[in-house]
Amino acid sequence: MDKNLIQRTISGLVYVAIIILCTTPLGAQLINRIHPDLIRQEYLYHGLISLLLLVGTWECIKIMKFGKGYEKWIVLPLVIFIYYVFSKRYFNHDFFFDFRLNEILAITLIVIAVVTLFKYPNELYYDSGKLIFTVIYVALPFSFALGLPKFSSYDQTFSLEVLFLFILIWSSDTFAYLTGKFFGKHKMAPKISPKKTWEGYAGGVVLTLVLSYFIEQYQPELRGNWMVVGFLVAAFAPLGDLVESQLKRNFGVKDSGNIIPGHGGVLDRLDSFLICVPVVYLYFILAKFI
């Protein structure tokens, strides 16, 4: 068997296991069997997201090849500061969604960053532009991610929205790849991602909606309508991949890193996640008022 395939399989399974342990009550249950009441599940989740934030920031710094100016040295501290300020209220128990100026501003900035990447890439060749883009592209989506699950210390509950968001993203990528491989003819963005096709995109949307139907039927405790969530994920996950592909293409980089052997870096694995999280978060806010 191909050694690279074995490596990809093992590292992929470890990656999936870590996601499951940190986004479901299973992680805390396993640890607390060793030492009762040692850790709460939300701490595992917050730790995971914070670790991914740090690694993702470092990868973005390497991709964008900062110069010798001061910007390179303040990226990480600024990302951590924005992440803390924006998301500190999510560390409180029984968080409920509301619409504040912070959320509106953050989503607007993400849209501006994406438009800049595709339409005005020359702005990102300046270290100041790299600094602003990195903060927006990494800090804000991971901040939104902290607000997705609902947890309570009173009845020891931790909701599974993030786990199923990951599942839908993985399924969207897989379905789009398989549909495109067998039926793809019309390229979606040949200069950015030559393998993506409109047929694959359509297949990813349809088949992810099928999976979303079963999630909606068998996971009624999840907030929102997961047929809608599935559509949003299938529609926006490819955009997340194109954003990271365009970023790497602009700076002549193949992979964001090698922390996941055979799969690349954190940004390679979470490119769709970074775009889908703000979109799903916004949907949950709007659904609350409808």
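The values are calculated or read from the model by the stated rules, or taken from the named source; none is laboratory data. None of the values given here were measured: they were computed from a predicted structure. Using ideal geometry, Cβ is built from the backbone for each residue, glycine included, and neighbour counts are taken over all protein chains shown. Ligands, DNA and RNA are excluded from the accessible area calculation, which covers all protein heavy atoms including side chains. Shrake-Rupley method; radii C 1.70, N 1.55, O 1.52, S 1.80 Å.
Listing for the model above:
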{"item": "Single match in SER256, SER272 (criterion: buried (at least 20 other Cβ atoms within 10 Å of the Cβ), assigned to a helix (DSSP H, G or I) and touching a helix residue (DSSP H, G or I) at 6+ places or on another chain (Cβ under 8 Å))", "result": "SER272"}
{"item": "Residue list for the range 185-203, filter: assigned to a loop (DSSP other than H, G, I, E, B) and either free of Cβ contacts under 8 Å to residues at least 40 places away in the same chain or open to solvent by 50 Å² or more (accessible area, probe 1.4 Å) (or both)", "result": "LYS185, HIS186, PRO190, LYS191"}
{"item": "Checking ASN225 against (1) under 28 Å from SER11 (Cα atoms); (2) among the polar types (S, T, N, Q); (3) at pLDDT 90 or above; (4) surrounded by fewer than 20 Cβ atoms within 10 Å (Cβ to Cβ), the condition it does not meet", "result": "(1)"}
{"item": "Selection from the range 152-173 of residues that are open to solvent by 30 Å² or more (accessible area, probe 1.4 Å), of a type in the set (Val, Ile, Thr) and under 18 Å from the mean Cα position of the chain (by Cα)", "result": "ILE167"}
{"item": "Criterion violated by GLN217 - all others in (1) more than 16 Å from ALA235 (Cβ to Cβ); (2) not in a helix (DSSP H, G or I) satisfied", "result": "(2)"}
{"item": "Single condition LEU51 does not satisfy, out of (1) over 23 Å from VAL138 (Cα atoms); (2) under 25 Å from the mean Cα position of the chain (by Cα)", "result": "(1)"}
{"item": "Residue in the range 101-115 that is crowded, with 20+ Cβ neighbours inside 10 Å, of a type in the set (Gly, Ala, Ser) and modelled with pLDDT under 90 present", "result": "yes"}
{"item": "Test for LEU286: is it surrounded by fewer than 20 Cβ atoms within 10 Å (Cβ to Cβ) and under 27 Å from LEU211 (Cα atoms)", "result": "yes"}
{"item": "Condition met for ALA176 (modelled with pLDDT of 85 or more, open to solvent by less than 50 Å² (accessible area, probe 1.4 Å) and farther than 15 Å from ASP271 by Cα)", "result": "yes"}
{"item": "Tabulated pairs, the range 236-263, first under 16 Å from LYS65 (Cβ atoms), second among the β-branched types (Val, Ile, Thr) and at pLDDT 90 or above, C-beta under 8 angstrom, 6+ apart or interchain", "result": "LEU247/ILE63; LYS248/ILE63; PHE251/ILE63; VAL253/ILE63; SER256/ILE63; SER256/VAL266; GLY257/VAL55; GLY257/VAL266"}
{"item": "Filter pass, GLY224 being on the phi > 0 side of the Ramachandran plot, in contact with a Phe, Trp or Tyr (Cβ under 9 Å, 6 or more places away or on another chain) and outside any helix (DSSP H, G or I)", "result": "yes"}
{"item": "Elements of type helices (runs of 4 or more DSSP H) in the range 1-99, at least 2 residues being at pLDDT below 85", "result": "3-23, 71-87"}
